[in-house]
Amino acid sequence: QWVLSLPKRLRYFLRQDRRTVTAVLNILLRVVEQALRKHAPDSGEKARLGAVSFVHRFGSALNEDLHFHCCVLDGVFEPGPEGGEAVLFREAVLTAEDFQWIQARVRQRVLRWFARQG
């Protein structure tokens, strides 16, 4: 399970705009997919992650705290050989350094997205 919580100064913008919520969630999922694809042997560019995402709008004390919970499989799916209906699953193994890279990359991309929005 992946959880993404943002600093309080950015949560205000998530509360006000669905487009911002979508953009931040997409950044997280794209970065995780990129890492999984990189660490799944024999996976190609067409490989995709499997995930279910939940947008939580409140914390445990019912305080306003928009954050994301994403249940992500530990690998990627890709089309089988010769474009058939078969789907192949490629398991990915992530290390502690990979998690740190994902965290830094998500942070960088989210902050860059907010900076571009003004």
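Bear in mind these aren't lab numbers, they're just calculated from the coordinates by the rules spelled out. Fair warning: this is a prediction, and the values are worked out from it, not measured in the lab.
Quick notes on this structure:
- When restricted to Cα atoms, the chain yields an Rg and a Dmax of 16.0, 52 Å, respectively.
- Computed over the Cα atoms of segment 68-115, pair by distinct pair, the Kirkwood hydrodynamic radius stands at 13.5 angstrom.
- Phi-derived couplings, Karplus 6.51 cos²θ - 1.76 cosθ + 1.60 at θ = phi - 60°, listed residue by residue for segment 33-49: 4, 4, 5, 5, 5, 5, 9, 9, x, 6, 8, x, 5, 7, 5, 10, 7 Hz, with x used for Gly and Pro.
- Structural size metrics of segment 10-71, computed from C-alpha coordinates, are Rg and Dmax of 14.4, 45 Å.
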